[in-house]
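Just below is one structure, and these are the notes that go with it.
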Amino acid sequence: MIALGCDHGGYDLMQEVIAYLEEKKVPYKNFGTDSKASCDYPVFGKNVAMAVANKECEFGILICGTGIGISMAANKVAGVRAALCHDCFSAEATRQHNNANVLCMGGRVVGPGLALKIVEIFLNTEFSNDDRHIRRISMLEN
């Protein structure tokens with residue numbers, strides 16, 4: 001199950017992500033927002049992060065205008081490793097090396113074609129389980 005959340009700046013791109021997940025038959029839970037009306041990204045970042053931290057959802061995808069604010073909000077939740085990715089290499093590397101569990105993107109930064117490729121890579125890349133990466137992740141959490 002994928003937890004989804006966005007603010008008004010990420011609304012259009014989130015609709016693209018939802019269509020992609022539905023096409024691929026990937027289950028998701030949408031934590032909002034449900035319109036382009038101005039809203040506060042920390043609310044949605046926290047709600048998605050909490051769903052991932054408490055294991056209600058395996059991964060999260062968050063989108064705001066730049067991806068920066070919503071990633072900051074998500075990373076305030078213990079156990080969440082939210083990564084801002086605007087390219088395919090970062091999406092792959094953050095899963096392999098950081099075992100990131102929340103993908104963040106900027107709806108005003110990345111177009112839908114690239115964003116969907118980033119989502120695909122993020123959701124389908126496994127953590128390497130290398131000792132050095134496990135050690136470093138542990139350092140983040142303690």
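None of the figures in this text is laboratory data; all of them are computed from the coordinates on show. Everything quoted here is computed from the prediction, not taken from an experiment. So basically every Cβ, Gly included, is an ideal-geometry build from the backbone, and we count neighbours across all protein chains shown.
Neighbour counts of other C-beta atoms within 10 Å: give me ARG132, ARG81, ARG108, ARG95 arranged from fewest to most.
In order of increasing Cβ crowding within 10 Å: ARG132, ARG108, ARG81, ARG95.
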Sorted by chain and then number, the residues having a modelled amide H within less than 5 Å of the amide H of ILE61, at least 5 places away or on another chain, are ALA3, LEU4, GLY5, LEU103
Note to self: Kirkwood Rh of the chain, Cα pairs, one decimal, Å, is 14.6 Å
The helix 88-98 Cα axis meets the longest alpha-carbon principal axis of the chain at an angle in degrees, between 0 and 90 and rounded to 10, of 40 degrees
Mean shadow area (nm²) of the C-alpha convex hull around the stretch 77-123 is 3.1 nm²
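When N counts the residues of the stretch 35-109, how does its alpha-carbon radius of gyration compare numerically with 2.2 N^0.38 Å, as a ratio?
After normalising by residue count via 2.2 N^0.38 Å, the value is 1.03.
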Ranked on Cβ counts within 10 Å of their own Cβ, fewest leading, GLU141, GLU92, GLU58 go GLU141, GLU58, GLU92
Under the 7 Å Cα-to-Cβ spin-label approximation, ASP34 and ASP87 lie apart by a distance in nanometres of 3.9 nm
In degrees rounded to 10, the 0-90 angle between helix 41-53 Cα long axis and the longest Cα principal axis of the chain is 40 degrees
Scoring only Lys, Arg, Asp and Glu (+1, +1, -1, -1) among other residues with Cβ under 14 Å from the Cβ of SER71 yields +2
Relative to the chain, whose Cα atoms define the longest principal axis, helix 11-23 and its Cα axis are tilted in degrees, nearest 10, by 70 degrees
